[in-house]
1. Which of the residues spanning the range 5-35 are among the β-branched types (Val, Ile, Thr) and in contact (Cβ under 8 Å) with a residue 40 or more places away in the chain?
2. Inside the range 36-53, can you point out the residues that are among the aliphatic types (A, V, I, L, M) and either touching a Leu at 6+ places or on another chain (Cβ under 6 Å) or without any contact (Cβ under 8 Å) to a residue 24 or more places away in the chain (or both)?
3. Regarding the range 82-97, can at least one residue be identified that is within 26 Å of Arg137 (Cα to Cα), in a helix (DSSP H, G or I) and of a type in the set (D, E, K, R)?
4. Could you identify the single residue in Ala100, Ala111, Ala75 that is more than 27 Å from Ala19 (Cβ to Cβ), small (Gly, Ala, Ser) and surrounded by 13 or more Cβ atoms within 10 Å (Cβ to Cβ)?
5. May I ask you to list the residues in the range 63-98 that are polar (S, T, N, Q) and in contact (Cβ under 8 Å) with a residue 12 or more places away in the chain?
6. Which number in (1) within 26 Å of His16 (Cβ to Cβ); (2) free of Cβ contacts under 8 Å to residues at least 12 places away in the same chain; (3) more than 18 Å from the chain's Cα centre (by Cα) marks the one condition that Leu56 misses?
7. Got at least one residue in the range 41-55 being of a type outside the set (Gly, Ala, Ser) and exposed (fewer than 12 other Cβ atoms within 10 Å of the Cβ)?
Amino acid sequence: MDTATFKRSIWERAFHAFAFEIIAIALTAAAIVLAMGKPLASASGLAVAISTIAMLWNMLFNAAFDRAQAKMGFARTVRVRVVHAFLFESGLTIAIVPLAAWWLNIGLLQAFVLDLGVLAFFLLYAFVYNWCYDIIRARVVAKYRGAAAASASSSASARIGNRPAH
């Protein structure tokens with residue numbers, strides 16, 4: 001694929017994130033219902049709350065990370081990315097574990113184990129979602145480019161008048 005294939009508008013990025021979160025909420029709520037026997041309304045409410053916290057934390061944390069990088073001038077090496085991921089997930093855990101314990105009426109240890117399960121799920125889910133999204137997007141872009149090329153070709157033919165060559 002060429003690099004132009006990966007240029008995404010803000011609208012496409014919003015769609016990508018929105019679709020990711022909607023599917024994640026549905027899957028997370030279903031998992032809570034099946035694993036813990038909680039009502040769907042309660043599980044869905046918790047899934048929406050976790051999703052909202054995760055999105056807000058993502059924006060806040062990454063803005064602070066960008067500012068720290070600008071101030072300190074470090075490169076985004078593998079080591080820095082590992083530290084970034086660890087700090088991000090640690091902050092998210094600090095926010096989500098007490099909420100899940102309260103919401104589901106469970107202990108902090110059980111909520112922490114639940115959070116570890118959610119983390120494992122999201123590692124796999126993010127990989128599969130983005131892989132599938134990239135495949136579908138490549139097909140859509142190829143189809144769009146093919147249709148645009150055909151349209152441009154027919155427009156050029158119309159301007160020439162479709163006269164036979166002599």
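1. Answer for the range 5-35, where residues must be among the β-branched types (Val, Ile, Thr) and in contact (Cβ under 8 Å) with a residue 40 or more places away in the chain: Thr5, Ile23, Thr28, Ile32.
2. Leu40, Ala41, Ala43, Ala47, Val48
3. No, because not a single residue in the range 82-97 is within 26 Å of Arg137 (Cα to Cα), in a helix (DSSP H, G or I) and of a type in the set (D, E, K, R).
4. Only one candidate qualifies: Ala111.
5. Thr93
6. (3)
7. Checked the range 41-55: no residue is of a type outside the set (Gly, Ala, Ser) and exposed (fewer than 12 other Cβ atoms within 10 Å of the Cβ).
Laboratory data are not the source of any read-out in this text; all were calculated from the coordinates shown. For clarity, every value in this text was computed on a predicted model and none was experimentally measured. Heads up, the Cβs are rebuilt from the backbone with ideal geometry, glycines too, and the neighbour counts pull from every protein chain shown.
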